[in-house]
Amino acid sequence: MVLSVEALTESQIAEALQWLPEWAYEDKAISRVETFPTYLQALDFVQRVGRNAEEHNHHPDIIMNYKKVTVRYWTHKIGGVSKGDVLMAGKVESIVAEMKK
């Protein structure tokens, strides 16, 4: 059975972002910016996020500017933020936490 994907309301997104304080909602997407001490650490982060996205078949927009990386999730099919986007943001948070150990 295929579950339907629906856009979350702005209040649902605001509630979800209480658990993801580094994330912001703007232009029908959630995003976060992380700055790393070195270029190679930023690149490692991008690769980890990319592998995670492939594993879950849910891919973010990623922009890397030297040591600064922006990760942006939204579901193209619905033109907004889905529950899956929020779950993937949580996985990105886990990657950040692991890298900061």
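What value in Å³ per residue do you get for the convex hull of the alpha-carbon atoms in the chain?
Details: hull volume 10.2 nm³, N = 101.
Considering the Cα atoms of the chain, their hull volume per residue is 101 Å³.
Write down the accessible area per residue of the chain in Å², having rolled a 1.4 Å probe over the full set of protein chains.
67
Pick from Lys67, Lys77, Lys91 the residue whose mean-square fluctuation is largest in a GNM of the chain, springs joining Cα atoms under 10 Å.
In this elastic network of the chain, the residue with the biggest mean-square fluctuation among Lys67, Lys77, Lys91 is Lys77.
How far, in degrees from 0 to 90, does helix 39-56 lean away from the longest principal axis of the Cα atoms of the chain, to the nearest 10?
On a 0 to 90 degree scale, this one is about 30.
In a GNM of the chain with a 10 Å cut-off on Cα contacts, which of Arg51, Arg72, Arg32 has the highest mean-square fluctuation?
Arg51
For the chain, with all protein chains present and a 1.4 Å probe, just round the carbon and sulfur fraction of the accessible area to a whole percent.
Looking at the chain in its full context, I get 53 percent from C and S.
Using just the helices of the chain, give the 222 nm mean residue ellipticity in deg cm²/dmol: DSSP H runs with n ≥ 4 each add -39,500 (n - 2.57), and the total is spread over all residues, rounded to 500.
Details: 3 runs with 43 residues, N = 101.
After summing the helix terms and dividing by the residues of the chain, the value is -14000 deg cm²/dmol.
Tell me the relative contact order for the chain as a rounded percent, counting alpha carbon contacts under 8 Å between residues six or more apart.
Reported relative contact order: 31 percent.
The values are calculated or read from the model by the stated rules, or taken from the named source; none is laboratory data. Given the structure is predicted, the values throughout are model-derived calculations rather than measurements. Accessible surface areas use protein heavy atoms only, side chains included; no ligands, DNA or RNA. Shrake-Rupley method; radii C 1.70, N 1.55, O 1.52, S 1.80 Å.
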